[in-house]
Amino acid sequence: MKESAAVGGMSETGRLILLGAPLGNSADASTRLREVLAAADVVAAEDTRRLHRLARDLDVTIPGRIVSYFEGNEERRTPELVEVLTEGYVVALVTDGGMPSVSDPGYRLVRAALDAGVPVTAAPGPSAVTTALALSGLPSDRFCFEGFLPRAPGARRARLRALAAEERTLVLFEAPHRIAAALTDLADAFGVDRPAALCRELTKTYEEVLRRPLGELARWAADGDPRGEITLVVGGAPATPAVRPDDDVLRAAVAEREAAGRSRRDAITDVATAHGLRRRDVYALVHQ
């Protein structure tokens, strides 16, 4: 069975389609996700039981072959799926929630499909990364996603030390049984007052968003028994204030630019801009 027009209307060729699955609320499923599930030749699922439950909730019948595709078997199964794709069939990939290959199985298959010349596309859907970021109340104009921190305590602390000066908002995933230790290490590396938001069970019945400094979140996790899927958003490090050069250094910088052919006015403007200073202050220094 080749791909139907409902899936995308492209030429009849093998194609890999990444499906953005609901994080927990099946009502978030897109119409296109339903169409792909109902038309794909093969549906590769991180958890086939969850897939069957989702299909039942959506009242969708999956006529294609369903196969498991998870961390434990993706190395072995990837060549099998690529063979199916190169034979002209449509394969849909769905993980437990969110977009495949974002801290979920999928990257290996995407890379292999592209290397084999197979088109890859997506039916976008919910994302725990951007949902948590939007709910956190922290700056979202610039952010970076770190996925899961290293499991080993020493490696985790080393990674956090490397991230401590990052000025962008950070988004992390963490398992419930490691969140208390991770928050303690985060507070040690970033400071107990660094703002953060712990987002738990997003879109589900017991959704919870705790917006507190890292020190308070670490105590909360240590005193309780956090459950469910956790996404952690941490505010970026405060920008390091620029160090103002000595007056003589500023005068020399202006003189150097004048010697290179810049007008004094332009040289003063250049130096003021380079050091985040007011132009009139640099002008006053030069004309003392």
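Laid out as a table, the results:
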{"quantity": "Selection count where residues are in contact with a Ser or Thr (Cβ under 6 Å, 6 or more places away or on another chain) and of a type outside the set (Phe, Trp, Tyr), scope segment 168-201", "calculated": "2"}
{"quantity": "Meets criteria (more than 21 Å from LEU172 (Cβ to Cβ), outside any loop (DSSP other than H, G, I, E, B) and in contact with a helix residue (DSSP H, G or I) (Cβ under 9 Å, 6 or more places away or on another chain)) for ALA218", "calculated": "no"}
{"quantity": "Residues of segment 138-150 satisfying the condition of being open to solvent by 60 Å² or more (accessible area, probe 1.4 Å) and more than 19 Å from VAL102 (Cβ to Cβ)", "calculated": "PRO139, ASP141"}
{"quantity": "Test: residue in segment 87-104 that is open to solvent by less than 10 Å² (accessible area, probe 1.4 Å), more than 18 Å from GLY147 (Cβ to Cβ) and in a helix (DSSP H, G or I)", "calculated": "no"}
{"quantity": "Only listed residue being out of contact with any strand residue (DSSP E or B) (no Cβ under 6 Å at 6 or more places or on another chain) and farther than 28 Å from SER30 by Cα, chosen from ARG168, ARG212", "calculated": "ARG212"}
{"quantity": "Residue match in segment 151-163 (condition: in a loop (DSSP other than H, G, I, E, B) and surrounded by 16 or more Cβ atoms within 10 Å (Cβ to Cβ))", "calculated": "no"}
{"quantity": "Subset of segment 171-203 [open to solvent by 60 Å² or more (accessible area, probe 1.4 Å) and not in a helix (DSSP H, G or I)]", "calculated": "VAL192, ASP193, PRO195"}
{"quantity": "Leading residue by the ranking (farthest from HIS177 (Cα to Cα)) among those in segment 204-232 that are open to solvent by less than 30 Å² (accessible area, probe 1.4 Å) and in contact with a Cys (Cβ under 9 Å, 6 or more places away or on another chain)", "calculated": "LEU210"}
{"quantity": "Flag for THR131 being more than 30 Å from ALA27 (Cα to Cα), among the polar types (S, T, N, Q) and not in a loop (DSSP other than H, G, I, E, B)", "calculated": "no"}
{"quantity": "Conditions (1) of a type outside the set (S, T, N, Q); (2) closer than 26 Å to ARG34 by Cβ; (3) open to solvent by less than 50 Å² (accessible area, probe 1.4 Å): number failed by PRO124", "calculated": "(3)"}
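Each row is one residue, and each column tells you yes or no for (1) at pLDDT 95 or above; (2) among the basic types (Lys, Arg); (3) closer than 15 Å to GLY125 by Cα.
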position	(1), (2), (3)
LYS2	no, yes, no
ALA5	no, no, no
GLU12	no, no, no
GLY24	no, no, yes
ASP41	yes, no, no
ARG50	yes, yes, no
VAL60	yes, no, no
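The values are calculated or read from the model by the stated rules, or taken from the named source; none is laboratory data. As the structure is a computational prediction, the values presented were derived from the model and not from experiment. Note that we place each Cβ from the backbone using ideal geometry, even for glycine, and neighbour counts take in every protein chain shown. Remember, those area values only see protein heavy atoms, side chains included, never the ligands or the DNA or RNA. Shrake-Rupley method; radii C 1.70, N 1.55, O 1.52, S 1.80 Å.
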